[in-house]
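The values are calculated or read from the model by the stated rules, or taken from the named source; none is laboratory data. Nothing here was measured: the structure is a model prediction, and the numbers come from that model. Positions of Cβ are backbone-derived with ideal geometry, glycine not excepted, and every protein chain shown enters the neighbour counts.
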Amino acid sequence: MSVMCQHRPMRYRRMPIEVESPEELGYDTITNNLSESSVADRKLSDLGLDLDLDSLVLCYGDHLGDPLLRESIAAGGAGLRPEHVVVTPGAATALFCVATALLDPGDHIVVVRTNYATNLETPRAIGAEVDIVDLRYEDGWRLDIDEVAAKVRPGVTKLISVTCPHNPTGTMLTTDELRRLVGIAERSEAVLLVDETYRDLTHTGERIPLAATLSPNVVSVSSMSKAYGLPGIRIGWAVTTDPMLGETLLAAKEQVVICGSTIDEHIAGRVLADRKRILPPIVADVRERLAVVERWMAGQDTFEWVRPSGGVVGLVRFRPEVSVDEAAFHRRLLADHGTYVGPGHWFEVDDRHFRLGFGWPTHAELSAGLEALVAAAQM
Ligand SMILES: Cc1ncc(COP(=O)(O)O)c(C=O)c1O
């Protein structure tokens, strides 16, 4: 039996970012956890919501998702209605539903790399033809829209997949760039997927539109995990104004889970309804942390990065002139300094790069972790 299994082709393989995640390693094995991509995880009691979970009826819920939650999500985009929203167990499930709904083996998708790993991995698992647009440090990690346009095949490409604010670089599209991508999708009859999981955490003045409000060719995906520090309630969503696509995403969701968790959706609905109170202190704290990392970055000459414009992560790299055994660096960083970052191979770049998460650790752990990076880089 086990021998047979070894030779049976399997559709899914575990991604390094999941195998090597801090929760799989054990949070107690890391002192300064700079590998996370969210703000600090919250307890229910931190939210100040006076929740009455005891009286909730644990029934199958509305298949699209709790109506009050969908109302709050729809309120985030001009002209959106609750029926445009499909709530899913995390943005990860929304991304999975979008990919499986739109892609067959051999179908053409244009996707950005680096990226949140699932955005690359699920199309590959399906057997799609994955056409990659690589981001370059020298371009400030900015997406080259012309390169996307050149790769899209009108009438053939099924999906164009981008992430904004971007994980792991923290860069953002401008409204103009987003509109250009929407135009490319419309002209080529492709769907534009915009992973907006970090939408509520931006550090520039510009608030770009929720992408799905711009065209029925667009699906926006987002989540409660990152900005609100609530990955444990597993709440994400997909938004589209295309009724056929919305129904297909609902059908995909129903085949996986029928409906979401009554408890999770209730909590998420209460949080989003109160986001004017809950979000501002989180954003203020994240910006303070970003300033701490910027000061540290300016005070050393081993590493460089492009300052993130959104989110709580940035992609740092060793300066080209610094020679280092990167495997030994990452080993020393954890073993000798109790510090963990997301190595480049999580994002299909070399381990001279790493994702630095500045939103999750305590302020003291963040500072200690930054000092540890410099110390671990000394041979
Ligand atoms: C860009 C992006 N999209 C989606 C996800 C998945 O988030 P979740 O499933 O917790 O909502 C993540 C998590 O790291 C992410 O960074």
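Is there a residue being of a type in the set (Gly, Ala, Ser), surrounded by fewer than 22 Cβ atoms within 10 Å (Cβ to Cβ), touching a residue at least 40 places away in the same chain (Cβ under 8 Å) and away from the ligand (no atom under 14 Å from the Cβ) anywhere in the stretch 229-250? Yes. The listed residues are Val312, Val341, Val306, and the only one of them that is in contact with a Phe, Trp or Tyr (Cβ under 7 Å, 6 or more places away or on another chain), more than 16 Å from the ligand (Cβ to nearest atom) and touching a residue at least 40 places away in the same chain (Cβ under 8 Å) turns out to be Val306. For the stretch 40-49, check the following and say yes or no: at least one residue is more than 30 Å from Val374 (Cβ to Cβ), part of a loop (DSSP other than H, G, I, E, B) and touching a Lys or Arg at 6+ places or on another chain (Cβ under 7 Å). Checked the stretch 40-49: at least one residue is more than 30 Å from Val374 (Cβ to Cβ), part of a loop (DSSP other than H, G, I, E, B) and touching a Lys or Arg at 6+ places or on another chain (Cβ under 7 Å).
Residues in the stretch 262-287 that are within 24 Å of Gly357 (Cβ to Cβ) and without any contact (Cβ under 8 Å) to a residue 12 or more places away in the chain: Pro280, Pro281, Ala284.
Considering only the stretch 211-218, I want to know if a residue exists there that is farther than 16 Å from Cys97 by Cα, under 13 Å from the mean Cα position of the chain (by Cα) and either aromatic (Phe, Trp, Tyr) or at pLDDT 95 or above (or both). Scanning the stretch 211-218, I find no residue that is farther than 16 Å from Cys97 by Cα, under 13 Å from the mean Cα position of the chain (by Cα) and either aromatic (Phe, Trp, Tyr) or at pLDDT 95 or above (or both), so the answer is no. Screening Leu315 with (1) in a helix (DSSP H, G or I); (2) touching a helix residue (DSSP H, G or I) at 6+ places or on another chain (Cβ under 8 Å) gives one miss only, at (1). Yes or no: Arg277 outside any loop (DSSP other than H, G, I, E, B) and either farther than 16 Å from Tyr198 by Cβ or over 22 Å from the mean Cα position of the chain (by Cα) (or both)? So Arg277 passes the test. Checking each residue in the stretch 50-76 for being closer than 30 Å to Gly170 by Cα, part of a helix (DSSP H, G or I) and not β-branched (Val, Ile, Thr) picks out Leu69, Arg70, Glu71, Ser72, Ala74.
When the strands (runs of 3 or more DSSP E) confined to the stretch 89-205 are screened for residues that are modelled with pLDDT of 95 or more, more than 16 Å from the ligand (Cβ to nearest atom) and surrounded by fewer than 20 Cβ atoms within 10 Å (Cβ to Cβ), those reaching at least 2 such residues are found at 129-134. Here Glu23 qualifies as outside any loop (DSSP other than H, G, I, E, B), surrounded by fewer than 21 Cβ atoms within 10 Å (Cβ to Cβ) and outside the structural domain of Glu247 (by TED's automatic domain parsing). The C-beta contact set for the stretch 130-146 (first residue in contact (Cβ under 8 Å) with a residue 60 or more places away in the chain, second residue of a type outside the set (S, T, N, Q), distance under 6 angstrom, 6+ apart or interchain) comprises Gly140/Val306; Trp141/Leu135; Trp141/Val306.
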